[in-house]
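Step one of this worksheet: look at the structure below.
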Amino acid sequence: MKKRITGLILTGAAVFVLSGCDTDVVLVDPGPELVTLFLMDDLTGSGAAYVPYTCYAPDGAISAEDVTTRRGAFTFVPGERCEFDLYGFNGTVAVDEEPLYIADDLGEGKDDIPYSCNNGSEATEGTTDIFGYFEYPADAFCKFYL
């Protein structure tokens, strides 16, 4: 009788332990949703290529450190802050040259993106306009709160 009870207990334990091994459900965290926008140059009608940028997660950790693609693309997670090094761009503050704007993959400007730009002596801040344009001084670092 003891052998039979012990055998049943061992069999029940084995069934319980092994029952989780034959499951078709695999839980995988897909990670955060990535978004791609474009830094566009209105004078050339194309992307602002190879502009260095760094994106920061809400906790301050660096989530991306890269350059825009040849087409001006940059990728981030919504809620991040991305900083662009616009060294070499003349800005829009002193002269109406080199207007940059933020656009989606269809070329439509992205409005209402908060930003601040600073070159050490001049600063601008606001939100991108209806066409995605923003004001920036020459050789500025611009932060976008995406």
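Taken across region 81-88, residues that are surrounded by fewer than 18 Cβ atoms within 10 Å (Cβ to Cβ) and over 18 Å from the mean Cα position of the chain (by Cα) do occur, with at least one present. The number of residues in region 96-146 being in a strand (DSSP E or B), over 18 Å from the mean Cα position of the chain (by Cα) and not charged (D, E, K, R) comes to 7. Is at least one residue of region 92-104 in contact with a Pro (Cβ under 7 Å, 6 or more places away or on another chain), within 16 Å of Phe141 (Cβ to Cβ) and modelled with pLDDT under 95? The answer is yes; a qualifying residue exists.
In this structure, is Thr68 of a type in the set (S, T, N, Q) and either at pLDDT below 95 or over 16 Å from the mean Cα position of the chain (by Cα) (or both)?
Values: of a type in the set (S, T, N, Q): yes; either at pLDDT below 95 or over 16 Å from the mean Cα position of the chain (by Cα) (or both): no.
Judged against the criteria, Thr68 is not a match.
One residue stands out among those in region 37-55 that are part of a strand (DSSP E or B) and aliphatic (A, V, I, L, M): the one that is farthest from Ile113 (Cα to Cα), which is Met40.
Screening Ala140 with (1) within 17 Å of Val35 (Cβ to Cβ); (2) surrounded by 15 or more Cβ atoms within 10 Å (Cβ to Cβ); (3) among the small types (Gly, Ala, Ser) gives one miss only, at (1).
Scanning region 56-79 for residues that are assigned to a loop (DSSP other than H, G, I, E, B), closer than 19 Å to Glu33 by Cβ and either open to solvent by less than 10 Å² (accessible area, probe 1.4 Å) or not acidic (Asp, Glu) (or both) yields Ala57, Pro58, Ala61, Val77, Pro78, Gly79. Which pairs turn up if I take residues in region 101-120 that are touching a residue at least 60 places away in the same chain (Cβ under 8 Å) and look for partners that are basic (Lys, Arg) and open to solvent by 40 Å² or more (accessible area, probe 1.4 Å) with beta carbon separation below 8 Å, at least 6 apart in sequence or on another chain? Listed pairs, sorted by first residue: Ile102/Lys110; Ala103/Lys110; Asp104/Lys110.
The values are calculated or read from the model by the stated rules, or taken from the named source; none is laboratory data. Keep in mind it's a predicted model, so treat the numbers as computed, not measured. Here Cβ is always computed from backbone atoms with ideal geometry, including for glycine, and neighbour counts include all displayed protein chains. The area values use the complete protein model at the heavy-atom level, side chains included, leaving out ligands, DNA and RNA. Shrake-Rupley method; radii C 1.70, N 1.55, O 1.52, S 1.80 Å.
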